[in-house]
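Heads up: the structure comes next, in structure tokens.
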Amino acid sequence: MSSPQITLTARLTPSAIDTRRGVVRLHPEVLDALGLQQWDSVRLIGARPSVALAAESANLPGVALLDDITLTNLGIVEGSEVVVSPVMVAAARSITVAGSRLATTAVTPQILRLALMGKVFTVGDAVSLLPQDLAPPPEADVTAARQRLSQAIGMTWTNELITITASDPDGAVAVAPSTVVSWRDGARTTQPAQITAGSTQVTAQSPVIEDAVIVSETIDTTPVEAPLPVADLVGAVDAARKLTEWLELAFQRPELLKKLGAAPRLGALVSGPEGVGKASVVRAVANAVDAKIIEVAAPSIAVLEANAAAGKVRAAIAEAEQNTPAVLLVTDVDALLPATNPPPVATIVLDSLRTAVNTPRLAIVATTAHPEAIDPRLRTVELLDRELALPLPTSKTRADLLRVLMRDVPMESNVDFGAIADRTPGFVVADLVALRREASVRAALRQKEAPEPRISSQDLVGALETVRPTSMSSSDNLQTGGLTLDAVGDMTEVKQSLTEAVLWPLQYPDSFARLGVQPPRGVLLYGPPGCGKTFLIRALAGTGRLNVMSVKGAELMDKWVGESERAVRELFRRAAEAAPAMIFLDEVDALAPRRGQSSDSGVGDRVVAALLTELDGVEPLRDVIVVGATNRPELIDPALMRPGRLERIVYVPPPDGEARAAILRSSARNTPLADDVDLDALGEKLDRYSAADCAALIREAALTAMRESLDATVVTAAHLDKARETVRPSLDPAQLASLEAYAKSR
């Protein structure tokens, strides 16, 4: 007897909880029809088959809410049809996975196996490392696994995707405690290793046992990918040239350095945003000067106990000393040698590196995305006394990078890399590689039978829907939803003020420089609640194609001393890495109240000071605009609104009759209205209704029609009149008068 199946419309889940977790939300009636319970496995068939975990949702019976990864695995887009049916899932005897070089190097299969427990998948599926709702077996320490993942590959492990390349048996499988997990090409597996009981000696060939779990294996000091030619290091040519000069002097002309009174040794720190290509630059330069490169992934060592970590570092140094000229590359060194609370192994590692850096024809190069988070002892004159910083790619650099990345890929002739580069602010090399991969998948699904498949401009643009810059991977990223300022009715003066203050400095920096004008650093939006301040920000970001970090004022407040200030610094640092970017501080009156009037032990005052320092501190903001929004401008500390900070004050007034009519039309664009509905006349009647009230009125009218009959096809004027009895105006006359008085006083 065949399994029951139902065809549904696929929609992207609005829930952030389900993002990247392989979950499909179904109506309870659908679950009953398929004979399923919550968290049972289901087979999904789109352009290709896949599997997921079924959960209950209150969405319409004909809709399946899918997360982004599941949509990609099915090869479909939102609105397509998907066939859902029950499926039996087997416990996998073994699975083989493929992932990025960083994940392959840093994540042991044992940790990977724990992170994958509770998920179901088939060969070809992409799977994230985010935790799953299903609880794994009680003996599995998944919390520890996730902590090690975070330590191993940084916070980007939440965005890391791996691909299931093989499984035994075939079909839908799940990971069990006995499953053998291995990286593709035999990089590392979970096969048990033999060690001598009580042995404490650690070598490059001996696995280390910690808490009865193998947590490290053979050191792989060979780069997974062949080094790039130096000429292909677009955007990093100057840094590569400088590093080449340093290595050539240290390796080929040490006597010249001695004669001039300099030590013939080299220790360098290469910093830059995550994914910008720091390690690639070092590999390319080492290859250009004929030096052997020995790599040590600091995150993979940081999760080991002290003796094991020190042993790995010594083994790598020993190999480098035997193969001079050599470059010992320590990637993400801040994971092993943090500035705060350095582990006991830090002193041992530093001593080993001090000895190694004095070895003739041996250079030590470390990379980090957080130079401020490194143990200061590493940056002394006797260790890493030279530094290189790789900048975030500009629009022109991104276009050149895309040309290099797509050089050997079949492309359609009309692809405009410059236009794609303009739509990728904040993208680094790793993000552009991910963009290429997603575009390739889309092109492959579109041209399954084509004799000569090619990637089109539409594939690259479509890939931008799912690929986000690494620096914008956190939950405070504001989604624009394709909005632009053209979608904002009325508000002509407000839109012009925002365009001049926010978009012009980012789009026309040469004009400001030519006229000797310093562009404004910030804007304050104020107005009654529900009148579209956040909507304006989304539209502004969509028009300027900006990365937007949205933070509620109170979200940065923390009871622990120093944590709120650190959160402010981190916010501005990430914005600088994602430039051009906008920091949107919603409810800024909660973040920066007038100093000296709070009763929170001075936390608010210190946060205001940190915010002011970031706005006009020693390091200037470049391509970063700060926009604050509030309903109570009189509560904000005056120092925040002086020139050089949030100097442009823009009042967002409540909508007038014409604007209310435009808002009603926009809200009702998908709602069928009867012929007796006159939105222009209705807009004139809705005095003291905000934009949010107008949208709520349309929703309530539609619900009123449904209450009368679930087969209703239109919303009538009577429905709107009845809805007005429920949806009352929210604008307070006293508050409106206060805000208008404040606007006149500015």
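The values are calculated or read from the model by the stated rules, or taken from the named source; none is laboratory data. Everything numeric in this text was worked out from a predicted model, so none of it was measured. Quick reminder, even Gly has a Cβ in these numbers, built from the backbone with ideal geometry, and neighbours come from all protein chains shown.
Val181 meets the conditions (1) more than 30 Å from Val123 (Cβ to Cβ); (2) at pLDDT 75 or above; (3) outside any loop (DSSP other than H, G, I, E, B) in every case but one. The failed one is (1).
No other residue among Ala318, Ala339, Ala291, Ala308 is surrounded by fewer than 19 Cβ atoms within 10 Å (Cβ to Cβ), more than 31 Å from the chain's Cα centre (by Cα) and at negative phi apart from Ala318. None of Arg574, Arg538, Arg595, Arg566 is outside any strand (DSSP E or B) and at pLDDT 80 or above except Arg538.
For segment 343-383, enumerate the residues that are among the small types (Gly, Ala, Ser) and under 18 Å from Lys278 (Cα atoms). If the condition is that a residue be among the small types (Gly, Ala, Ser) and under 18 Å from Lys278 (Cα atoms), then Ala363, Ala366, Ala369, Ala373 are the ones that fit.
Among the residues of segment 309-322, just one is farther than 23 Å from Thr104 by Cβ and at pLDDT below 85, namely Ala310.
All of Gly75, Gly35 fail the test of being surrounded by fewer than 22 Cβ atoms within 10 Å (Cβ to Cβ), under 24 Å from Glu160 (Cα atoms) and of a type in the set (Gly, Ala, Ser), apart from Gly75.
The set of residues in segment 67-117 that are outside any strand (DSSP E or B), aliphatic (A, V, I, L, M) and under 15 Å from Leu8 (Cα atoms) comprises Leu71, Leu74, Ile76, Val77.
Only one entry of Val120, Val175, Val97 meets the criterion of being touching a Ser or Thr at 6+ places or on another chain (Cβ under 6 Å), of a type in the set (Val, Ile, Thr), modelled with pLDDT of 60 or more and buried (at least 19 other Cβ atoms within 10 Å of the Cβ), and that entry is Val120. For segment 273-308, a tally of residues being at pLDDT below 85, under 25 Å from His370 (Cβ atoms) and touching a strand residue (DSSP E or B) at 6+ places or on another chain (Cβ under 9 Å) returns 10.
Looking at Val381, Val365, just one residue is of a type in the set (A, V, I, L, M, F, W, C) and in contact (Cβ under 8 Å) with a residue 40 or more places away in the chain, and that residue is Val365. Within segment 329-355, residues that are in the same structural domain as Asn287 (by TED's automatic domain parsing) have Cβ atoms under 6 Å from residues that are part of a helix (DSSP H, G or I) and among the basic types (Lys, Arg) in these pairs: Leu350/Arg377; Ser352/Arg314, counting only partners at least 6 apart in sequence or on another chain.
Okay, residues lined up against (1) touching a Phe, Trp or Tyr at 6+ places or on another chain (Cβ under 8 Å); (2) outside the structural domain of Ala263 (by TED's automatic domain parsing):
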{"residue": "Pro360", "(1), (2)": "no, no"}
{"residue": "Ala366", "(1), (2)": "no, no"}
{"residue": "Ala373", "(1), (2)": "no, no"}
{"residue": "Thr380", "(1), (2)": "no, no"}
{"residue": "Asp385", "(1), (2)": "no, no"}
{"residue": "Ala399", "(1), (2)": "yes, yes"}
{"residue": "Gly418", "(1), (2)": "no, yes"}
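Is it the case that segment 236-250 has a residue that's in contact (Cβ under 8 Å) with a residue 24 or more places away in the chain, within 17 Å of Leu383 (Cα to Cα), in contact with a Phe, Trp or Tyr (Cβ under 7 Å, 6 or more places away or on another chain) and not acidic (Asp, Glu)? No.
Let's see how each residue does on (1) modelled with pLDDT of 85 or more; (2) assigned to a loop (DSSP other than H, G, I, E, B); (3) farther than 24 Å from Leu485 by Cα:
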| residue | (1), (2), (3) |
| --- | --- |
| Val650 | yes, no, no |
| Pro655 | yes, yes, no |
| Arg660 | yes, no, no |
| Arg665 | yes, no, no |
| Thr671 | yes, yes, no |
| Asp676 | yes, yes, yes |
| Asp680 | yes, no, no |
